[in-house]
Every structure is written in structure tokens, then in C-alpha cells.
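Novice: Can you read through this structure? Questions will come right after.
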Amino acid sequence: MGFSSELCSPQGHGAVQQMQEAELRLLEGMRKWMAQRVKSDREYAGLLHHMSLQDSGGQSRGISTQSPISQTHSQDIEKLKSQYRALARDSAQARRKYQEASKDKDRDKAKDKYVRSLWKLFAHHNRYVLGVRAAQLHHQHHHRLMLPGLLQSLQDLHQEMACILKEILQEYLEISSLVQDEVVAIHQEMAAAVAHIQPEAEYQGFLQQHGSTPDVPPCVTFDESLLEEAELLEPGELQLNELTVESVQHTLTSVTEELAVATETVLSRQEVVTQLQRELWTEEQTTHPRERVQLLGKKQVLQEALQGLQVALCSQAKLQAQQELLQAKLEQLGPGEPLPVLLLQDDRHSTSSSEQEREGGRTPTLEILKSHISGIFRPKFSLPPPLQLVPEVQKPLHEQLWYHGAIPRAEVAELLTHSGDFVVRESQGKQEYVLSVLWDGQPRHFIIQYNLYRLEGDGFPSIPLLVDHLLRSQQPLTKKSGIILNRAVPKDKWALSHEDLVLGEQIGRGNFGEVFSGRLRADNTLVAVKSCRETLPPDLKAKFLQEARILKQYSHPNIVRLIGVCTQKQPIYIVMELVQGGDFLTFLRTEGARLRVKTLLQMVGDAAAGMEYLESKCCIHRDLAARNCLVTEKNVLKISDFGMSREEADGIYAASGGLRQVPVKWTAPEALNYGRYSSESDVWSFGILLWETFSLGASPYPNLSNQQTREFVEKGGRLPCPELCPDAVFRLMEQCWASEPGQRPSFSTIYQELQSIRKRHR
């Protein structure tokens, strides 16, 4: 018997408020009386006053918040119901117009409108089902846990107040002056009255007078009257068909994300409650009973934390129930295709049958004879039935040729060449869908509004439907811009979908993210997958994709091969051939002791051949080193890691910015001093690569810092000849390290010289 079981009705709430007001008046009167009696009791009176205000304020706030919350949930459900009725009427009206339409043009137009209305109705039906389920769970949590818990905390605080008041009065009696018999008698009466105070039984009479049966309002249920004008819909059941499957999948994704956030909130609030309970228990063990008033504020904080935990648990339970509904519906579908809308199928059958009736309803004799003759020569085997082709406009967004995924703005400007050219992409910053179109020589970017996809005017259930409408109607994207779509720019042959890949384990880490092994689903080709962290700013993501743009143009046995790029969604992937031997530097350090000089000459010859090819394409690598070369299982070397590479028509690239990312010990002096990169500066780096090779993976300038290395090189210092290095190779190194870039050999000369040295070497 307590507040939580006896005072759940509105009458009980009113009685609690009246009791609180009476107790506040009692406390206030006692404060005045004690202040008049003993001057030293002013401190107690101040504590009582502060305590009473704190208690009433916190609890009244807790009760008063319940009404707006319940009212808000009620308004949400009513809003969903009114929208449901309106959409059901619109759908029924569109179906009647569709059935009444006779001309092909009118019928197609009516059909499009009917399909859109059906999609809106089904989507809103699903939202209503999920909303009803959430409201039911909120109702249960409110009346079974949250409201009883609030009232129980109120009772606990009131009993604690009574206990504290008892201790205060007892202490007051102990320090009071006893100078007259009358005062002694009064003192004894007061002591007896104080001794009879029992906080646990203080409110039994109040409960007997005002207690009542909990007044629980009826729980929310699905309003079946909404289905009077709607067909194919079941009360409380989600609708999953060809029109709603995408929205159901999106809803499941968003609900799952919200559930993860709600679960984190529950865990954090549970930690707060546990910490408060532990602190309160510790302080109760060490605090004198007459000092319990000091713990009252902390107890109220604990009760508020418990209420917050109940609210979080309620939200978690609602999202969990919605997720289970959505998952169960999608699991029923399985890997198969979603069901078609039966109304449209039936209408197709009725249309074809009516046309046959208009044609006469009987088969001519000549047709029977032709059928008989063709049956004689019919082949003995049966052909498979034709597959149902999916119209382009109904294909998912990532299968549309004009959807380029998360490509940067700079690349969009290169793709759009004529006025009206357009692409759809994903914004790298806010991860929104953007329609980019060239108009009056300038690329314009329009954010596509989410949910019902639109720019201005009518919304559509998918972006392909929106783009198809804009192309066919030739309507301006917005009235203000007057821009009209003309030609979709298709994505190139390198575009891959994330679903085309099967990722394996992590095999490395780069400047932009992790590197994974993987396979292509189509033919099981082994690949290396470079990922770009989603948290990187757009300019770094553009630099990440620059490597792929360069490699698209190259095909050489000593250049690592690009297979494709995944930009349909985050994270962005660059897919390259998997070179299973690993990087050249690790190879030298682990396998170098057993390698012959002739093998090393063959491998640096491979590197020279790859660099000769890049030189012919006016490509400057800028980061040539053993760590950025890969080795196949047959010891073939391939140039890799084009993240810093540049293509310049004159073969010279002028860099700006600091040296934070520059590999100083591999970089030519003119590049360090003036930012001037060229094939000649790559030749300097190739000389360092030669030194790494014949020193079996040693670090160049091992005892010098980057700044000391720069000063050493500018004074004419160079690396010494490695122990295993042939004299002819060291002379080639020294030519690569010439101070004047023009005095260094070209990669063509280097390749020919290495081939000659290899032939001469035994």
C-alpha cells in the first residue's frame, strides 16, 4: 500500500498536491514559531524553508511534465490518423480515375498518379502502424513504470522529510532551556509527540482517505475505420510490396541507428544512477542521522535520474519493437523480389481481356490452321520464359548511369561540358544527394530534399522518378533558376558498387585510411581495397580520388593496375590489383640476404621501366621509394602509391604549402627549396631507391634528421656506396644525384644502363 498503487488517478494527484500545500504551511508555521522561541534556531528554519521549496518544486515539475508528454503523443496519433484518411481518399479517387480513363495518354497519366498515391498511402500506413506500436509501448511504460515510480519517489521523499523533521525536533528539545515546571511539562509532551512520529506510517491515513483504483485510460489501437476506403491493407500489418520495399529498408536503417543511440543513452543513464546510488549509500553510512537533511538534495537528484532512466528505457523499448516489426517483414520477403501491387496486375488482365472481346471473341480459321502447321515444325525442346525486364526508372539509385556517388565538386566540373549536362552525386560534407548541372557555362548544385524527393514542387518516392519527370516534362528545376535538364552524363567504366566487393582482413594502413584484401564477386579476382575515412574533409577526399584518376589512364606491367572506384556511398574505395608479395622495403629486409645481385638488378630494372612509362605520360610521381613499390610472387616489381602524383603538360609541377608530408630524405634539393617537381626530381628519388635496394632495405642518412639531411646534401654530401653494390650501379646513383637537374639521366637512359649492367654481371 503506497502512493504508487493508490494514487494513480487524477483524484489522487489532486490529493497529493493538497497534502503538499498543507505540509508546506505546517513547515512554514513551525519555522516561524521556532524562530520566535530561540534565536539560534534560525539556521534550522532556513534549512527547512529551503528543503520545502526544493521538495515541492522538483516533484511538482515531475508530475506536471506528464500531461504535456501524453498530450503530445495523443496529438501525434491523431495527426497520423487524419493524414491516413486524406491519403486513403486520394488513393481511392486516383483509382477511380484510372479505371475510368479510356485513352492511352489519359490512362498512363492516371496510372502514374494512382501509383504515386498508392505509394504515399502505403508509406503512411507503415508509419501509422509503427506509430501505434510506439504509442502502445509508451502507454504501458507510463502507467506501469514511470507514473508509479514517480509517485513512489514522492512518497520516499515525504517520508524522508518526516524523518528529518523528527530528528530536528528531537535535537531542538535537547538544547531547549528547562527553567520552569510548566516548560518541563510542555517539553515532555513535545518529546512524547516527537517519539510517536513514524515516517513509514505517517501517510497511512492519507492513503486510506484518498486512495483509489488506478485510472488507466484505454491503450491506443489501430483504428480500423481508416481502412474503409483503402484496399489491400491489413490493420496493424506493415505493407511490403514493390512500391514500399525501399522505404521500409530505409526506415529499418534509420530505426536501427536511433536504437543504437537510445541504447547508449540507457547505458550512460544507468551508469549515472549506479554512481549516485553508490555515493548516497557511502554517505549514509558515515552521516549522523541528525545530518540527513544534507543528503536530501542528492536523493532528489537520484530520483530525477531514475525517472530519466525510465524515459530512456521507454524510448529504447519503442524503437526495439519497431525494429522487430520491420525486420520480421523483410525476413518474410527473404532474398526474393517484393510482391507486385495486385490492383495493377488485375487491371492489366482486365484491360487485355476487354481488348480481346472487342476484337470479336473468336479465333479465325486461318489462325487455327497456322497454329496447327507451326506445331508440326515446333522444336522438341522448350525455351525458358522471357525474363521480366525492370524499367530504368524503377532501378535503384546506385544502378543509374547518371549517379556518380561521392565524387568531389572539382571532378563534377570536368564531367559537365554542355549546357544542360547533369549528374547526381552524394555531397561529401553533409552526405546529401545533389543534382549538379551545367548552365550558362557555370556548374550549379541543387540539394535534393529528402523523404519525398523533390527540388521545388511535387515530391517523388525515388530520385530516379524525380529525374525522369524533369527530363520528360522539361520543367525548370526551380522557377528562379530556369535551368532545364538536357543530357545525363554517364559514369565511367571504372565505377564499381560496394556490393561488388567482398572485403577481407586489413593488410595495411595509408594516409587516408585502412587497406583491405578482397575479392570481386563477379569473378573472384583478388584485389586490394584502399578506403578513405568518412571523417576526412572534402579536400582530402578529393586528393584520395586523385590517385584513381591518374591510374585510369595507365596500363603497364610495372605499374600497379587500377580495377575500379567505389563512390556510390561512404566510405569511398579505390580497388586495385592485389600484389601478394608485399612492399619492396619489407621484401628487401626479410628476403634480401638470399637474393643475388642479378635479381636485384632485374627488380630495379622493373622500377626503371615503370618510371620510363610514367615519364612518357608526363606524370611526376613525387614519392618514389622502396616502401611505395610492390613485389609479385615472381619477384616482378610494380610502382604503386600515386597519392602525391601529378600530371603536367610541361613535365614540371610547382608545389605550394609546407613540407609536412614531403619525404625529405628521398626528395631532390630543388623540390625542397623551391617546390619544383619534375621527372628529374623523380630521378633523384630513383637514386635513393637504388641505394635502398643494394643496402638491403637500410634507411638513408640514418644518423641525420630531416633538417641535417638538407644541409648535408646542399653542401655536396652524398650517400656512401653499399657493400653489395656494383661500381657501375653506384656511378649511376651519383649521376642521379647531380646538383643540377639537367645533368641527371632520363629514365630511358637509366633503364638501358641497368639492362646493360645486368647482362655484363655474372
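Novice: In whole Å, what are the Cα extents of the range 663-762 along the three principal axes, biggest one first?
Specialist: Dimensions of the range 663-762 along the principal axes of its Cα atoms: 41, 28, 19 Å.
Novice: Could I ask something else about it? Near the amide H of R561, under 5 Å away, which other amide H atoms are found, from residues 5 or more places off or on another chain, if H is placed in the peptide plane?
Specialist: E577
Novice: Note the full-extension length gain between M190 and T274 as 0.36 nm times their separation in residues minus their Cα-Cα distance, in nm to one decimal.
Specialist: Length gained between M190 and T274: 26.2 nm.
Novice: Which lysines does K759 reach when only Cα atoms under 19 Å apart count, and residues fewer than 8 places away in its own chain are ignored?
Specialist: Output for K759: K598.
Novice: Give me the extension gain from N511 to L24: residue separation times 0.36 nm, minus the current Cα-Cα distance, reported in nm with one decimal.
Specialist: The span from N511 to L24 would gain 168.6 nm if fully extended.
Novice: Enumerate the amide H contacts of Y433 below 5 Å, restricted to partners 5 or more residues apart or on another chain; note that Pro and chain-start residues carry no placed amide H.
Specialist: S427, I448
Novice: Y701's amide H: which non-local residues (gap 5+, or another chain) put their own amide H closer than 5 Å, with H modeled 1.01 Å from N in plane and none for Pro or chain starts?
Specialist: none
Novice: Each residue of the range 723-733 in turn: what ³J(HN,Hα) in whole Hz from Karplus with 6.51, -1.76, 1.60 and θ = phi - 60°, glycine and Pro shown as x?
Specialist: Those phi angles translate into 4, 8, 7, x, 4, 5, 5, 5, 4, 5, 4 Hz.
Novice: Hey, what's the Cα Rg ratio for the range 393-488 versus the globular rule of thumb, 2.2 N^0.38 Å?
Specialist: 0.98
Novice: Right, here's the next one. If packing is taken as the average count of other Cβ atoms within 10 Å, what order do 610-619, 233-242 fall into, highest mean first?
Specialist: Going by the mean number of other Cβ atoms within 10 Å, highest first, we get 610-619, 233-242.
Novice: On to the next question. Would you mind estimating how fast the range 584-760 diffuses translationally, via Stokes-Einstein at 4 °C and 1.567 mPa s with the Kirkwood radius over Cα pairs, in µm²/s?
Specialist: Diffusion coefficient, whole number: 80 µm²/s.
Novice: Give me the net charge of S699's neighbourhood, meaning all other residues with Cβ under 14 Å from the Cβ of S699; Lys, Arg count +1, Asp, Glu -1.
Specialist: Net of charged neighbours comes to +2.
Novice: What translational D, rounded to a whole number of µm²/s, comes out for the range 498-577 from Stokes-Einstein when the hydrodynamic radius is the Kirkwood one over Cα pairs, at 10 °C and 1.306 mPa s?
Specialist: 123 µm²/s
Novice: Moving to a separate point now. Using each residue's phi in the range 255-265, evaluate 6.51 cos²θ - 1.76 cosθ + 1.60 at θ = phi - 60° and report the 3J(HN,Hα) Karplus result to the nearest Hz, with x for Gly and Pro.
Specialist: With coefficients 6.51, -1.76 and 1.60, one gets 5, 4, 5, 5, 5, 4, 5, 4, 5, 4, 4 Hz.
Novice: Under a straight-distance cross-link criterion of Cα-Cα below 27 Å, which lysines are reachable from K543, leaving out those fewer than 8 residues away in the same chain?
Specialist: Excluding near neighbours in sequence, the set is K430, K491, K493, K530, K552, K569, K617, K638, K665.
Novice: What are the ³J(HN,Hα) values, in whole Hz, obtained from phi via the Karplus relation 6.51 cos²θ - 1.76 cosθ + 1.60 with θ = phi - 60°, for each residue of the range 578-585 in sequence order, with x given for Gly and Pro?
Specialist: 3J(HN,Hα) across the range 578-585, in whole Hz: 8, 9, 7, x, x, 7, 5, 5.
Novice: Any chance you could check the Cα centroid distance between the range 720-762 and the range 574-608 for me, in angstrom?
Specialist: The range 720-762 and the range 574-608 have Cα centres separated by 18 Å.
Every read-out reported here was derived from the displayed coordinates using simple, explicitly stated rules and does not represent laboratory data. If you're wondering where the values come from, they're calculated on a predicted model, not measured in any experiment. Cβ atoms come from the backbone with ideal geometry, glycine included; neighbour counts cover every protein chain shown.
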